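Working notes, beginning with the structure itself.
Just so it is clear, none of the values below were taken in a lab; they were calculated from the coordinates. Source: prediction; values computed, not measured. Positions of Cβ are generated from backbone atoms using ideal geometry, with glycine treated the same way; all protein chains shown enter the neighbour counts.
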């Protein structure tokens with residue numbers, strides 16, 4: 001891990017280098033998952049989406065709201081994909097979201113996660129526009145903070161989807177760990193810094209992809225200037241990751257240590273606060 005951090009520092013600038021000059025980050029919302037072992041995630045912060053309709057991607061899982069598939073263990077959220085018969089499907093998992101409970105516009109949004117592994121396994125940490133019910137997807141805008149597909153064990157994908165650049169035409173960038181390292185072997189911090197007309201993706205504090213309206217297809221609308229809610233899910237199968245094969249083992253677990261949202265405090269306001277004004 002020491003070698004990896006040194007290598008990242010050598011090839012990418014620190015994403016938070018401007019904190020001192022241009023203001024500080026203030027924690028405004030988080031879930032540290034400090035609840036009793038075996039309990040469901042905090043219902044004041046999270047809801048479940050349930051069902052086995054393929055979720056637009058021909059996925060295999062049936063999402064449930066059971067502790068079998070989402071629970072607190074040792075101060076962490078565990079989302080577990082299990083091989084079992086349920087709701088006409090042979091795989092169960094969970095999909096959690098903060099819709100109607102928490103959303104934000106701009107900020108630093110990050111989570112410390114140990115992802116699962118295996119062919120056909122597809123964990124994700126992402127955001128969706130709160131206006132989805134009125135304008136639908138993709139006009140609401142989707143920010144994929146972290147996606148991994150099991151056949152690429154060392155690669156994280158950061159992507160946006162919006163009107164004219166959705167689905168297979170989403171705009172994003174991957175980052176692959178050096179030396180054949182697998183993301184599933186350890187916890188990593190996956191995040192974005194989202195500001196007016198810009199989103200930067202980072203892994204363990206180092207930027208690997210950025211997007212501005214200039215990178216959109218000609219005439220396409222920038223769908224990232226309104227509030228978005230947070231989602232975690234662990235999908236299995238689908239056109240992009242492919243499907244489990246003889247090498248895939250179950251259960252598979254996506255473990256989230258924390259999720260945190262920070263907002264930038266302008267430098268002048270920070271200085272006044274320190275002086276007690």
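Things to note:
- Set of segment 105-139 residues, backbone N closer than 16 Å to the point 7 Å along the Cα-Cβ line of residue 55: 115-129
- Highest-first packing order for the peptide set 121-132, 177-188 is 121-132, 177-188, based on the mean count of other beta carbon atoms within 10 Å.
- Helical runs assigned H by DSSP (4 residues or longer) give the chain a calculated mean residue ellipticity at 222 nm of -2500 deg cm²/dmol, each run adding -39500 (n - 2.57) before division by the residue total.
- Across segment 62-118 the C-alpha pair distances fall into 10 Å bins from zero in the proportions 18, 42, 31, 9, 0 percent.
- Stokes-Einstein diffusion for segment 30-275, with the hydrodynamic radius set to the Kirkwood value over Cα pairs and evaluated at 25 °C in a medium of 0.890 mPa s, equals 133 µm²/s.
- Relative protection proxy for 86-99, 253-266, from highest mean packing down: 86-99, 253-266 (other beta-carbon atoms within 10 angstrom).
- Least to most buried among 215, 66 (fewest other Cβ within 10 Å first): 215, 66
- Shape category assigned to segment 110-241 from the gyration tensor of Cα positions, a/c cut at 1.5: prolate
- Based on C-alpha pairs under 8 angstrom that are at least 6 apart in sequence, segment 30-275 has a relative contact order of 28 percent.
- In this simple spin-label approximation, residue 197 and residue 246 carry label points 7 Å from Cα along the Cα→Cβ vector, and these lie 5.6 nm apart.
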